[in-house]
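Q: Structure incoming, see below.
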Amino acid sequence: MRLKNKVALITGGGTGIGLEIAKRYVEEGAYVYITGRRENKLKEAADMIGSNIGYVAADVTKKEDMLKVAEKIREEQGHVDIVMCNAGIGGYVSLTDIDEKEFYRVMGTNVLGTYYTAQACLPLMGEGTTFIMNTSVTVSLGLPDFSLYIAAKSAMKSFIHTWTSELRSRKIRVNAIAPGIIPTPAAGGELGRSPEEEKARQEYRSTLIPAGKVGNVLDVANAAVYLGSDESSYVNGVELLVDGGLAAIYPVKL
Ligand SMILES: NC(=O)c1ccc[n+]([C@@H]2O[C@H](COP(=O)([O-])OP(=O)(O)OC[C@H]3O[C@@H](n4cnc5c(N)ncnc54)[C@H](OP(=O)(O)O)[C@@H]3O)[C@@H](O)[C@H]2O)c1
């Protein structure tokens with residue numbers, strides 16, 4: 001019970017990595033709120049987890065939605081201890097094709113959404129509470145056609161420095177987890193690949209990673225338990241790579 005009596009918010013917690021973090025947090029004794037735009041996914045996730053879980057359909061790019069989330073947490077719990085800024089999207093688009101719509105879609109969700117999440121939650125956060133950014137191993141890599149996503153995740157990574165400084169007097173920690181290659185809905189079918197194409201791609205990628213395999217959502221969730229718990233109370237302003245060693249040996253062609 002490493003998170004006993006803690007209250008957590010996980011944005012984008014209805015699927016993928018966020019859902020696994022929600023499961024692990026509840027197992028470790030936390031009360032967890034998950035958000036996302038699709039209410040049906042949130043309900044499915046909450047039904048599966050069963051207890052100590054609440055959800056609110058909310059778009060991180062809409063400040064009024066995030067204020068509604070914070071208000072529910074305030075009414076029900078009075079405070080929040082762990083804010084996992086996990087909602088994120090990306091896509092492969094060459095630098096010559098980036099337009100205003102794609103820019104605001106990717107930057108809006110990852111960066112503005114993280115600001116709105118923080119602005120809504122900060123009034124509920126006391127000493128010893130923590131933010132965790134979900135960044136990406138790609139921040140350390142020079143992947144072609146991924147510059148906008150990497151720019152957005154780099155901005156989120158920068159918050160571990162600037163927010164750690166800005167929130168210093170309140171003793172709020174700010175860390176990040178940078179997942180490696182983790183098969184999830186976003187990393188597979190939702191990017192337009194068939195299951196066969198995705199499987200072949202993961203097999204090839206496994207050969208490039210020192211761990212010899214792609215990661216899984218539990219690898220990331222276990223890191224999130226550590227950074228959310230008091231075990232990491234002296235860990236502040238770091239990005240924890242959960243990538244099987246990929247960034248350490250890059251460059252390789254993904
Ligand atoms: N999978 C990987 O290999 C990998 C690697 C590095 C980093 N990451 C990061 O990990 C995080 C989770 O991704 P995932 O792989 O688990 O994919 P995922 O299952 O697609 O999760 C993304 C979540 O974000 C939510 N979301 C998207 N836009 C939102 C918005 N405007 N407002 C609120 N929620 C929103 C989605 O729910 P709705 O669509 O219902 O809103 C979804 O639940 C992302 O930040 C991603 O960039 C993933």
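Please treat every number below as a calculation from the coordinates, not as lab data. Everything numeric here is computed off the predicted structure, so don't read it as measured data. Heads up, the Cβs are rebuilt from the backbone with ideal geometry, glycines too, and the neighbour counts pull from every protein chain shown.
Q: In a solvent-free Debye calculation with one equal scatterer on each Cα, what is log10 I(q)/I(0) for the range 123-212 at q = 0.15, 0.25 Å⁻¹, listed in the order of the q values?
A: Scattering profile of the range 123-212, log10 relative to I(0): -0.72, -1.26.
Q: Suppose R0 equals 45 Å; then what is the FRET efficiency for ASP47 and THR96 from their Cβ-Cβ distance, rounded to the nearest 0.05? Provide the component values of the computation, followed by the final result.
A: Details: r = 45 Å, r/R0 = 0.99.
Taking R0 as 45 Å, the efficiency between ASP47 and THR96 is 0.50.
Q: With respect to the cross-link table entries LYS43/LYS199; LYS41/LYS157; LYS41/LYS62; LYS43/LYS157; LYS6/LYS171, which display a Cα-Cα separation exceeding 25 Å?
A: Where the Cα-Cα span goes over 25 Å, the pairs concerned are LYS43/LYS199; LYS41/LYS157; LYS43/LYS157.
Q: Pull out the extension gain between ARG168 and ARG74, defined as 0.36 nm times the separation in residues minus the alpha carbon to alpha carbon distance; nm, one decimal.
A: Gain on extension, ARG168 to ARG74, equals 31.5 nm.
Q: Considering only GLU71, GLU196, GLU28, give the residue with the highest GNM mean-square fluctuation for the chain, with springs between Cα atoms whenever their separation is below 10 Å.
A: Among GLU71, GLU196, GLU28, the largest mean-square fluctuation in the Gaussian network model of the chain belongs to GLU196.
Q: Bin all alpha-carbon pair distances of the range 7-249 at 5 Å intervals from 0 and give each bin's fraction as a whole percent.
A: Computed distribution, short to long bins: 1, 7, 14, 19, 21, 18, 12, 6, 3, 0, 0.
Q: Now for a separate question. Hey, what did the chain get for relative contact order, percent, Cα under 8 Å, at least 6 apart?
A: Values: 490 pairs, mean separation 51.3, N = 254.
Rounded, it is 20 percent for the chain.
Q: Which residue, GLY91, GLY50, GLY215, has the most motion in a Gaussian network model of the chain that connects Cα atoms within less than 10 Å?
A: GLY50
Q: Based on the Cα atoms of the range 80-151, what semi-axes does the equivalent ellipsoid have, where each is the square root of 5 times one gyration tensor eigenvalue, given in whole Å with the largest first? Numbers along the way, then the final one.
A: Working: eigenvalues 161, 38, 9 Å².
Semi-axis lengths for the range 80-151 are 28, 14, 7 Å.
Q: Please report Rg (one decimal) and Dmax (integer) in Å for the Cα set of the range 1-97.
A: Values for the range 1-97 (Cα only, Rg and Dmax): 14.0, 49 Å.
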